Amino acid sequence: MRLGYHTGYWSAGPPPGAAQAVRAADELGLDSVWTAEAYGSDALTPLAWWGAGTRRVRLGTAIAQISARTPTAAAMAALTLDHLSGGRFVLGLGASGPQVVEGWYGQPYPRPLARTREYVDVVRQVLAREAPVTYDGAFYRLPLPADQGAGLGKALRSTVHPLRADLPIHLAAEGPRNIAMTAEIADGWLPLFYSPRTDATYRELLAEGFARRSPARRPAEEFEVVATVPVVLADDVESAADAVRPFIALYAGGMGAKGANFHRDVLDRLGYATACDEIQAHYLAGDRIRAAAAVPTELVRDIALVGTEQDVRAQLPAWRSTAVTTVLAQTDPRALPRIAALWGEAGHDERAIDGPAAEPA
């Protein structure tokens, strides 16, 4: 199980220390660095800017929202960044939620799975560069039909030859059907709120998708599960958990509408529906402090690595036995060297258990 670093998306401005942390991740030998976007900073610009100072680490988006750019624009960015990084780019995509898609991008949200499937199809056409891109889907039509525009649309092939026609595409997915589809059509899965307790269920869903996987895709054995996991080192578990509670409260209570919050659904399936009711009620009432306080420590420990170095070290075997292939540490950039050192020590000590059981399916 490899270690990566997730910078997250910006709040009011660039996150302090992120540029230095990206360089440190490269120097420390981490697997990858990932950026995100919501409705402020974008995912691609920081990745290119910060990534320009790296040499080895993989560079990924977790996630780039599919409503933010057309599939051909996403493919253009991907093949460009792949060339500039020497073949280190990973295109991580996600559908986001209805509040952002319809409120920020002004696009309809229904049928996100079907839309994602079409989007990935078009991106793969661009990267393959076998012929001019054409597509006649429910969501994407290339060229645009003559009766919908000037009638001058022409099927085009990328002028740039991709460095890797099989550039990896990862998908964010939280619902069961979406996870299975990800295993069917993508090269990796970007889960949020992964818990070792639900590993068996996730393996079943991945296996369901692998059974429908095309031989043209990478073999299932090479499929990646790249999980974003809060990692907080502190003097004790409770103080470390306090640093994670606002993050969980935001996603359980403030991300998505009431009754249509896919992040909360994951936590409900973990058994925290009652706690999430309280978190959401406080959050929607504008009391973020009480919302964070309502997050149980058990929930934090289910989906995060928190506590002293000894506490975190003790939690790692459970994670190493899951389908997760890479943990993306969501952490204070200043803690990254300590976490990397801890990871290296644990990986050396636990090599005997990091075998076939840790494979994705």
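Observations, loosely collected:
- Every residue from the range 269-291 that is among the charged types (D, E, K, R) and either outside any helix (DSSP H, G or I) or open to solvent by less than 50 Å² (accessible area, probe 1.4 Å) (or both): D287
- Tally of residues being exposed (fewer than 11 other Cβ atoms within 10 Å of the Cβ), at negative phi and of a type outside the set (A, V, I, L, M, F, W, C) across the range 144-160: 5
- Among (1) in a helix (DSSP H, G or I); (2) under 21 Å from P112 (Cα atoms); (3) open to solvent by 30 Å² or more (accessible area, probe 1.4 Å) - the single one T201 does not satisfy: (2)
- Residue within the range 32-41 that is at negative phi and over 18 Å from the mean Cα position of the chain (by Cα) present: no
- Tallying residues that are closer than 22 Å to T61 by Cα and not small (G, A, S) within the range 152-169 yields 9.
- When the range 106-117 is limited to residues that are on the phi < 0 side of the Ramachandran plot and assigned to a loop (DSSP other than H, G, I, E, B), the one that is least open to solvent (accessible area, probe 1.4 Å) turns out to be Y109.
- Scanning the range 161-171 for residues that are touching a residue at least 40 places away in the same chain (Cβ under 8 Å), open to solvent by 60 Å² or more (accessible area, probe 1.4 Å) and more than 22 Å from the chain's Cα centre (by Cα) yields one hit, L163.
- Lone qualifier among V232, V295, V244, V226 - being in a loop (DSSP other than H, G, I, E, B), in contact (Cβ under 8 Å) with a residue 12 or more places away in the chain and either of a type in the set (V, I, T) or open to solvent by less than 30 Å² (accessible area, probe 1.4 Å) (or both): V295
- Listed by position, the helices (runs of 4 or more DSSP H) inside the range 1-105 whose residues that are open to solvent by less than 20 Å² (accessible area, probe 1.4 Å) and more than 21 Å from H263 (Cα to Cα) number at least 2 are 18-27, 44-51, 71-85.
- The number of residues in the range 206-223 being charged (D, E, K, R) and assigned to a helix (DSSP H, G or I) comes to 3.
- Residues satisfying the stated conditions in the range 55-74, i.e. small (G, A, S) and farther than 20 Å from E224 by Cα: S67, A68, A73, A74
The values are calculated or read from the model by the stated rules, or taken from the named source; none is laboratory data. Note that this is a predicted model, so its numbers are computed, not measured. Neighbour counts run over all protein chains shown; Cβ positions are idealised from the backbone, glycine included. Each accessible area value is taken on the protein alone, full model and side chains, heavy atoms only, with ligands, DNA and RNA left out. Shrake-Rupley method; radii C 1.70, N 1.55, O 1.52, S 1.80 Å.
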